[in-house]
Amino acid sequence: MSRVCIVGAGFSGAVIGRELAQKGRKILVVDERRHVAGNCHTERDDATGIMVHRYGPHIFHTDDEEVWRYISQFGEMMPYVNRVKATVKGRVYSLPINLHTINQFFEASFSPDEAREFVRSQSRVDIYDPQTFEQQGLKFVGEALYYAFFDGYTRKQWGVEPKKLPASILKRLPVRFNYNDNYFSHRFQGIPRKGYSAVVEEILDHDNIELKLNCRFEDLSEAFQHIFYSGPLDRYFNFDLGRLQYRTLQFEEIRQKGDIQGTAVMNYPDQEIPYTRISEHKYFSPWETDKFSHSVAYREYSSSCGPDDIPYYPIRLVGDKNKFEEYKERTKDISGITFVGRLGTYQYLDMDATIRAALDTAQQFLESVDE
Ligand code: FAD
Ligand code: UDP
């Protein structure tokens, strides 16, 4: 029987490959990069030995116990709580917006009930069913907090006015009326001790899997039983309906002795500051942070994604999904290929949702070929 081809050695491709390999399929996984793990790739910095998240900081967080158990089989998950800070107009605040942020920002000492009442008095009660990011923000926290923490950051991150973005982007963030400053509310949270690339290498380590790095799918000539494609959907069709819109990121390195900012992530919501955040990578490994006498951090700049850039965030504007829908229609005319993952389905997917979708896709495929 011919092999199954998996395009992309990120979490989508690796998990599907592994599941199929365990059921006796022969698999070829290709990735055009020189490493596995896609955008979750981690590697030790040559000069300092610090584990660096090459394509931006990645924290694993989920309520899906099966997914948590799945990833934990392939590498030790170390406890990690994401405590983000924000510098606004020269002052440092706690994120996500919590009782500490509210008290710092309004120079108050509200109790939880007082803060809830105060924020409610600020919020735009005339907005009933928020559709856009801006409406969601104004309804959620009111103008003062919205303009301080969300408006500028979002304009820089997405390059469009917040009234053109869907409310769902902001619904990812909580507002809390206690001092809990954990950025996520999920039951399971962590970072792999040896980094994400080591986890993905373990997932791909199976006798039935051949891995080819530095290899583009377009350059293969073998005939496959089936293809799972986790590359960009529009690229598969040679962009013939035009390009799907993405944001890309540029990282500007900062190196120095000692500490740079003293925490993993500092957001910069002010619009006058060109970057969105700075991440200091030794703080993503709290079990070894103190070992390093030097530090490395990255300023993160977001911009519109050109043909030679890495696509990071799919831009789905309110009422503007047409081109994606057209490409999706085209996929129905072809057989023998399944489009998966963040780029193949043009969705913002966290790692846990990526793994869940990959497990389900593999299961469905195995059931369909067994029938
Ligand atoms: P990818 O990781 O993009 O992998 C696709 C792979 O396919 C790539 O390696 C690419 O080189 C390869 N490829 C594409 N086309 C071809 C081709 N034609 N031939 C050969 N190879 C090809 N998630 C979280 O859960 N927590 C976080 O904290 C978090 N932070 C993030 C921060 C940033 C800045 C970004 C952008 C994402 C973040 N994510 C986070 C999301 C996470 O990166 C994704 O969930 C995950 O990478 C999706 O995996 P994937 O395999 O679908 O895609
Ligand atoms: N956001 C913001 N200010 C912040 C952090 C986030 O306005 O300090 C907005 C921004 O639009 C972002 C969204 O909230 O895209 C979701 O935030 P999250 O931290 O989940 O961003 P991501 O992980 O997508 O980069």
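The values are calculated or read from the model by the stated rules, or taken from the named source; none is laboratory data. Model, not experiment: these values are computed from the prediction. Every residue, glycine among them, receives a Cβ derived from its backbone with ideal geometry; neighbour counts consider all protein chains shown. Note: areas computed on protein heavy atoms with side chains; ligands, DNA, RNA excluded. Shrake-Rupley method; radii C 1.70, N 1.55, O 1.52, S 1.80 Å.
Helices in the chain, meaning DSSP H runs of at least 4 residues, each add -39500 (n - 2.57). Divided by all residues, the mean residue ellipticity at 222 nm is -8500 deg cm²/dmol.
In square angstrom, what is the accessible area per residue of segment 65-125 with a 1.4 angstrom probe? Intermediate results must be reported in sequence, preceding the final value.
Numbers: 3240 Å² over 61 residues.
With all protein chains present, segment 65-125 gives 53 Å² per residue.
When the Gaussian network model of the chain links Cα atoms closer than 10 Å, the mean-square fluctuations of Gln104, Gln189, Gln245 top out at Gln104. Taking every DSSP beta bridge that has both residues in the chain, what percent is antiparallel when rounded to the nearest 5? Expressed as a percentage, antiparallel bridges in the chain total about 65.
Compute the Kirkwood hydrodynamic radius of segment 109-242, taking the inverse of the mean of 1/r over all pairs of distinct Cα atoms, and give it in Å to one decimal.
Working: mean 1/r = 0.0503 Å⁻¹.
It works out to 19.9 Å.
Structure shown: which of Lys85/Lys194; Lys139/Lys163; Lys23/Lys328; Lys164/Lys323; Lys139/Lys164 lie over 23 Å apart, alpha-carbon to alpha-carbon? The answer is Lys85/Lys194; Lys23/Lys328.
Within a straight-line Cα-Cα reach of under 18 Å, Lys257 can be paired with the following aspartates and glutamates, leaving aside sequence neighbours fewer than 8 residues apart in one chain: Asp45, Asp46, Glu280, Glu288, Asp290.
The eigenvalues of the Cα gyration tensor, multiplied by 5 and square-rooted, give the chain an equivalent ellipsoid with semi-axes of 37, 25, 19 Å from largest to smallest. Seen from Ile59, the other residues with C-beta closer than 12 Å to its C-beta sum to a net charge of -1, counting Lys and Arg as +1 and Asp and Glu as -1. Within the accessible surface of segment 1-147, defined with a 1.4 Å probe on protein heavy atoms only, the carbon and sulfur portion equals 47 percent. Take each peptide in 306-312, 49-55, count the other Cβ atoms within 10 Å of every residue, and average; sorted highest first, the result is 49-55, 306-312.
Note that segment 128-137 has calculated 3J(HN,Hα) couplings of 7, 10, x, 9, 9, 4, 5, 4, 4, x Hz, one per residue in order, obtained from phi through the Karplus relation 6.51 cos²θ - 1.76 cosθ + 1.60 (θ = phi - 60°); glycine and proline are x.
Rolling a 1.4 Å probe across the protein heavy atoms gives segment 237-323 an accessible surface of 49 Å² per residue. Among the chymotrypsin sites (Phe, Trp or Tyr not before Pro) within segment 145-206, those in coil by DSSP and having at most 15 neighbouring Cβ atoms inside 10 Å are Tyr179.
Normalising the Debye intensity of segment 1-131 to I(0), with uniform scatterers on Cα atoms only, and taking log10 at q = 0.10, 0.16 Å⁻¹ returns -0.63, -1.00.
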